[in-house]
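Student: Just dropping this structure here.
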Amino acid sequence: MIQKKNNVKHISHKVLSIQISLNGLSFCILNTLNDSVSKIEHIIFDKKVTPFDLLDAVKHTFNTEEWLSDSFDAIQVIHVNELATLVPKPLFNEEAIADYLKLNSKILKTDYITFDTIAINETVNVYVPYVNVNNFIYERFGDFTYKHHSTVLIEELLAQEKNASVNKMYIHVNATHFEIITTKEGALTLYNSFEYHTTQDFIYYILFTVEQLQLNPEVIETVLLGTITKNDTFYNILYKYIRHISFGSRKDTFSVTEGLPNKHSHFTLLTRF
């Protein structure tokens, strides 16, 4: 958590959650007086932007959207990118933090690297946040918290699987990428992120993962989250190869005053509350 810049703060009874990626922005406002989500907004970019253009888009949104001019009791930022890796906590050395990412991600010497501690399975998630956006949020609001989206995803799914006795494969689908999380009797066995453009990309990466982990597509329970629906082509092609498919569910502790398509969408954005 970044420390407050002052000690006096107006109580607004509103909490803002922001999910940021190079493909778009998502915003959610929770009213803590009545535990209800009063605003959900998505901004999808025409193409993948640079971190510099991302900052411009964030600034423009805050400067032009009236509902973002309110004060907030807390700000939560979720960073979405592929620049993250999990390290077992007993093996983690903060002084060697960049070395973990170098193994499977292309990073620059100037990249700021940080980490989230995932207590539920004693791992450390090392990642590169959009530090320019973090700086803007701090200058505008003062203190806030931030995490990598994979941290939020893993924490919530492992909490849901805490007493599980069966193996599962979760597929969390976004517009341009998806994550696969596999568990064995509630323990994490794999987390990986894949960028895709076609249904062929989508099914290839899933079946490749199934093969590498020696999972049986006739047996493995597969749970879908995110933007995927039962009527789209991605569901249809998955259903051709995987027998047991179901949709997951957010464990909301609040009501939603504007429509959401289903209980498995906006999983990381709303789980932060």
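Residue-wise test of (1) part of a helix (DSSP H, G or I); (2) under 20 Å from Thr182 (Cα atoms); (3) at pLDDT 95 or above; (4) among the polar types (S, T, N, Q).
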| residue | (1), (2), (3), (4) |
| --- | --- |
| Glu95 | yes, no, no, no |
| Val133 | yes, no, yes, no |
| Arg140 | yes, no, no, no |
| Ala159 | yes, yes, no, no |
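Student: Quick one: would you say Lys47 is out of contact with any helix residue (DSSP H, G or I) (no Cβ under 9 Å at 6 or more places or on another chain) and either over 25 Å from Asp143 (Cβ atoms) or in contact (Cβ under 8 Å) with a residue 40 or more places away in the chain (or both)?
Tutor: yes
Student: Between Tyr239, Tyr205, which is among the aromatic types (Phe, Trp, Tyr), touching a strand residue (DSSP E or B) at 6+ places or on another chain (Cβ under 9 Å), without any contact (Cβ under 8 Å) to a residue 12 or more places away in the chain and open to solvent by 50 Å² or more (accessible area, probe 1.4 Å)?
Tutor: Unique residue meeting the criteria: Tyr239.
Student: Restricting to the range 137-159, name every residue that is open to solvent by 10 Å² or more (accessible area, probe 1.4 Å), out of contact with any strand residue (DSSP E or B) (no Cβ under 7 Å at 6 or more places or on another chain) and either among the acidic types (Asp, Glu) or within 21 Å of Thr61 (Cα to Cα) (or both).
Tutor: Matches in the range 137-159: Tyr138, Glu139, Arg140, Asp143, Glu156.
Student: Return a yes/no flag: does the range 163-171 have any residue that is open to solvent by less than 40 Å² (accessible area, probe 1.4 Å) and within 16 Å of the chain's Cα centre (by Cα).
Tutor: Among the residues of the range 163-171, at least one is open to solvent by less than 40 Å² (accessible area, probe 1.4 Å) and within 16 Å of the chain's Cα centre (by Cα), which makes the answer yes.
Student: Right, something else. One residue is enough: does the range 84-91 have a residue meeting the conditions in contact (Cβ under 8 Å) with a residue 60 or more places away in the chain and either in contact with a helix residue (DSSP H, G or I) (Cβ under 8 Å, 6 or more places away or on another chain) or hydrophobic (A, V, I, L, M, F, W, C) (or both)?
Tutor: Checked the range 84-91: at least one residue is in contact (Cβ under 8 Å) with a residue 60 or more places away in the chain and either in contact with a helix residue (DSSP H, G or I) (Cβ under 8 Å, 6 or more places away or on another chain) or hydrophobic (A, V, I, L, M, F, W, C) (or both).
Student: With respect to Val223, determine if the residue is in contact with a Lys or Arg (Cβ under 8 Å, 6 or more places away or on another chain), touching a residue at least 12 places away in the same chain (Cβ under 8 Å) and open to solvent by 80 Å² or more (accessible area, probe 1.4 Å).
Tutor: no
Student: Which condition does Asn132 not pass, out of (1) buried (at least 20 other Cβ atoms within 10 Å of the Cβ); (2) out of contact with any Asp or Glu (no Cβ under 6 Å at 6 or more places or on another chain), if it passes all the others?
Tutor: Failing condition for Asn132: (1).
Student: In the set Glu218, Glu211, which member is in a helix (DSSP H, G or I) and either more than 18 Å from Gln19 (Cα to Cα) or among the polar types (S, T, N, Q) (or both)?
Tutor: Of the residues listed, the single one that is in a helix (DSSP H, G or I) and either more than 18 Å from Gln19 (Cα to Cα) or among the polar types (S, T, N, Q) (or both) is Glu211.
This table checks each residue for (1) under 20 Å from Asn163 (Cβ atoms); (2) modelled with pLDDT under 95; (3) among the aliphatic types (A, V, I, L, M).
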| residue | (1), (2), (3) |
| --- | --- |
| Thr182 | yes, no, no |
| Glu195 | no, yes, no |
| Asp232 | no, yes, no |
| Asn236 | no, no, no |
| His244 | yes, no, no |
| Arg250 | yes, yes, no |
| Glu258 | no, yes, no |
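Student: Please work out which one of (1) open to solvent by 10 Å² or more (accessible area, probe 1.4 Å); (2) of a type outside the set (Gly, Ala, Ser); (3) not in a loop (DSSP other than H, G, I, E, B) is the condition Val126 fails and give its number.
Tutor: (1)
Student: Considering only residues of the range 22-76 that are among the aromatic types (Phe, Trp, Tyr) and in a helix (DSSP H, G or I), which is most open to solvent (accessible area, probe 1.4 Å)?
Tutor: In this case the residue turns out to be Phe52.
Student: Would you please name the residue that is surrounded by the fewest Cβ atoms within 10 Å (Cβ to Cβ), looking only at residues in the range 175-202 that are among the polar types (S, T, N, Q) and either assigned to a helix (DSSP H, G or I) or touching a residue at least 60 places away in the same chain (Cβ under 8 Å) (or both)?
Tutor: Here the answer is Gln200.
The values are calculated or read from the model by the stated rules, or taken from the named source; none is laboratory data. All values reported here derive from a predicted model rather than from experimental measurement. No Cβ is skipped: glycine too gets one built from the backbone with ideal geometry, and neighbour counts run over all protein chains shown. Surface accessibility is based on the protein's heavy atoms, side chains included, excluding ligands, DNA and RNA. Shrake-Rupley method; radii C 1.70, N 1.55, O 1.52, S 1.80 Å.
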